[in-house]
Amino acid sequence: MSLPEKPVSPLAAPVTAVWGVGEERAKLLARLEIFTVEDLLLHKPRRYEDRRKFLAIRELKLNEPATVRGKIVAAGIKRFKKGTRAMFECVFDDGTARLHCRWWQAQPWMEDWFTVGREFLVFGKPDSLKPRNLDHPETELVEPGEDEFIHVNRIVPVHPLTEGLTARVMRTLVWRALEKYETELQVAGCRLQVENPVTAARKELSTFNFQPATLPARANAVRMIHFPEELTDVEIARQRLALDEFVALQFQIQSRRKKFEALSKALPCGGDNRLMKPFLAALGFKLTAAQTNVLREIRADLSGAHPMRRLLQGDVGSGKTAVAACSALMALESGFNVALMAPTEILAEQHYRNFVKWFEPLEVKVRLQTGSRKEASLQVESCKLKVEKTAVSARKEPSTFNLQPSTLTIGTHALLTGGFDLPKLGLVIIDEQHKFGVAQRETLVRKGNYPHLLVMTATPIPRSLGLTLYGDLDVSVIDEMPGGRGQIKTFVRMTDKLPKVFEFIREKISGGRQAYIVYPRVEVADTDKDIKAVTKEFENVQRALTPFKVGLLHGRIKPVEKEAVMAEFRANKIQALVATSLIEVGVDVANASVMLIENAEHFGLAQLHQLRGRIGRGAHESFCILISDAQHEAAQARLKILEATNDGFKIAEADLKLRGPGELLGQQQSGAMNLRFGNLAEDLPLIRQARELVAKSF
């Protein structure tokens, strides 16, 4: 006997259930991703107009937005010289003054719509007061009728629209939906989840009802977001609806974590210190208190009942690699293999050098696996190891190692290939994890039997994203920098200062230091002629820095050539390195003390901070010079933030506010958080409240 199906909420009915929505109008609403009654009720207004008292036309102020009400006294198309576009203009009068409104691309329908005698509401910013003028204003026809109380004498919403759908019609449809489904809204509580990030958990979530003490009931919030009594009601309603979205998101996150813990049993990787003690003794520096605290958290996880799932955050140069080495030793001491995955061959090869130097005296095997090399393939100068080089592509000849315990394998995406096997895998470490998708991370983890996972990032993650996008991971933060590092000073300059900048670089190189010169492109595209590229600027830099040797590095250079360039730069045989953002992660040359970045406005804040982190890694004072001629206020504001602080966490918060999570993370990672009301840049208290509410429900 089958169980009866759960009744479908009327709120899930097609939007055609609302009076006034026929087949054609439903197609228009679909362009706005409105398919159901729920979708319509949660169609967030983009702004509000207080129509309880209109501003008189004579009271308009220059460049200040306002709404006025007036009748058309003149209208028509103005044509200019032959071949030029036509302008449509109409003149409104409200008894106090006249207002000219212009549309610079006249459309055929305008003459029939804007006719003399009709009354309109007009919204915009005046760009002139003599005469009073608005270009391309928003307008709404005043049509007295039975629903007039919806559109005037109150605060009204102005919703996102599409061609063929007016603000008045959209407002009317929302009002009708609220009236018809008032009862269902009241009983639905938290169940009204449109564009729910946790569709898979919808049935379970529908039983999770709550009423925050300081916020209105959800039904009231839905009405308030569309038709507030006062403008202050809008933010109160938004917070309630945002909280519901965050609750849904946290329900998914915490459910996934609980399910994972129920199905998995941890491998015993806590270690016994037989490798750790000699490693720390020979390290050459003492771990900071922050590193030590993080290692305590990691050891507790590796010895716990459930596999570790931990995110390690630390600003550029904070010592995450040393923490990763200690974590690897714990698993290696326990008889398990370890895999470390890096996003680029340059970073993987640098890790390989460091770990060979550290682990060879401990008789721990370290192997390298990248797209162009398999197994060990680098000459490590510091250890004078003689390792046979190979250049067989991992794609053409998959490599399966019959690894013995106590082996660390370092690699790039090549570790994900089907033919590459990692037996007895106890710990997976992923460096610069934001460069990998969730699916790639899981592919590597599945090569073992629920191995422990440590993901690291030098790009600090804003706290709100840490509780959402990475909410299923425990978080450790290295909030202390090692001693003996030189101070980094950052300056924003315009292109006309470049001769002096190169003179400054020559001076520093003459003193024994080295420099990076970074450009946003490999080659110049026809559409981006104002954006500089390494291939074009390389010769210019060579001339500017003669007689010093200049190297070139970008993603299209063959791996062997990249390795040779980096080896010469590390040895100070190359004094200046012209590169793309390829050097953003992992490049560690303590002698480099100058970073010049041209077209700096074309990089994100976090990326610029990462690039800046390539200097200041030694004891010398370092200088980061950002060249930008951008006139856009937002671009200049971003660069000024870098000039003002070296704190990566402050920069990450600022980047989130300026660019939002979609641009900051990319659609692959941010798409799962398609929030209508929640604001990840501003709503940290709500996210924390949602996390606590859901935690109490389990």
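Legend: calculated FRET efficiency, V116 to I531, from the Cβ-Cβ distance at R0 = 45 Å, rounded to 0.05, equals 0.35. Among 605-613, 283-291, 635-643, the peptide with the highest mean count of other Cβ atoms within 10 Å heads the list, and the full ranking is 605-613, 635-643, 283-291. Listing Y470, Y450 from fewest to most neighbouring C-beta atoms within 10 Å gives Y450, Y470.
Given the Cα-Cα distance of W109 and A13 and 0.36 nm per residue of separation, how much length would full extension add, in nm?
Working: separation 96, 0.36 × 96 = 34.56 nm, distance 3.47 nm.
Full extension from W109 to A13 adds 31.1 nm.
What is the extension gain from K259 to E182, computed as 0.36 nm multiplied by their sequence separation minus the C-alpha to C-alpha distance, in nm to one decimal?
Numbers: separation 77, 0.36 × 77 = 27.72 nm, distance 3.67 nm.
Here the answer is 24.0 nm.
Computed on the range 488-665, with alpha-carbon pairs under 8 angstrom and 6+ residues apart, the relative contact order is 28 percent.
Multiplying the residue separation of L283 and V142 by 0.36 nm and removing their Cα-Cα distance gives an extension gain of 43.0 nm. A Förster radius of 35 Å combined with the Cβ-Cβ distance from E24 to A217 puts the calculated FRET efficiency at roughly 0.50. Footprinting exposure proxy ranking of D683, D147, fewest other C-beta atoms within 10 angstrom first, gives D147, D683.
Grab the other residues whose beta carbon is less than 14 angstrom from that of D588, score K and R as +1, D and E as -1, and report the net. Spell out each step's value before the answer.
On the way: positive: K320, R353, K357, R485, R570, R612, R614, R617; negative: E349, D431, E432, E584.
Spelling it out: positives minus negatives among the neighbours equals +4.
Once both labels are positioned 7 Å from their Cα atoms along Cα-to-Cβ, the gap between R296 and A630 label points is 4.2 nm. For the pair E33 and F491, label points projected 7 Å from Cα toward Cβ lie 4.6 nm apart. How would the range 53-153 be classified by its alpha-carbon gyration tensor: rounded, prolate or oblate, with rounded meaning a/c under 1.5 and the a/b versus b/c comparison settling the rest? The shape class here is oblate.
Proximity of backbone amide H atoms, modeled 1.01 Å from N, is registered between V492 and L626 at under 5 Å, excluding neighbours fewer than 5 places apart on the same chain. Per-residue Cβ neighbour counts within 10 Å put D112, D655 in the sequence D112, D655, beginning with the fewest. Here the simple spin-label model places points 7 Å from the Cα toward Cβ, and for E539 and R85 these points are separated by 4.1 nm. Taking all Cα pairs closer than 8 Å and separated by 6 or more residues, the relative contact order of the range 13-129 comes to 25 percent.
With +1 assigned to the C-beta of every Lys and Arg and -1 to the C-beta of every Asp and Glu, and no other charges, what is the dipole magnitude of the range 565-628 about the Cα centre in debye, to the nearest 20? Mind dumping the intermediate values first?
Values: 5 positive and 6 negative charges, 39 e Å.
Here the range 565-628 has a charge dipole of around 180 debye.
Taken together, the values in this text are just the output of simple stated rules run on the coordinates, not laboratory data. Everything numeric in this text was worked out from a predicted model, so none of it was measured. For neighbour counting, all protein chains shown are included, and Cβ atoms are generated from backbone atoms with ideal geometry for every residue, glycine included.
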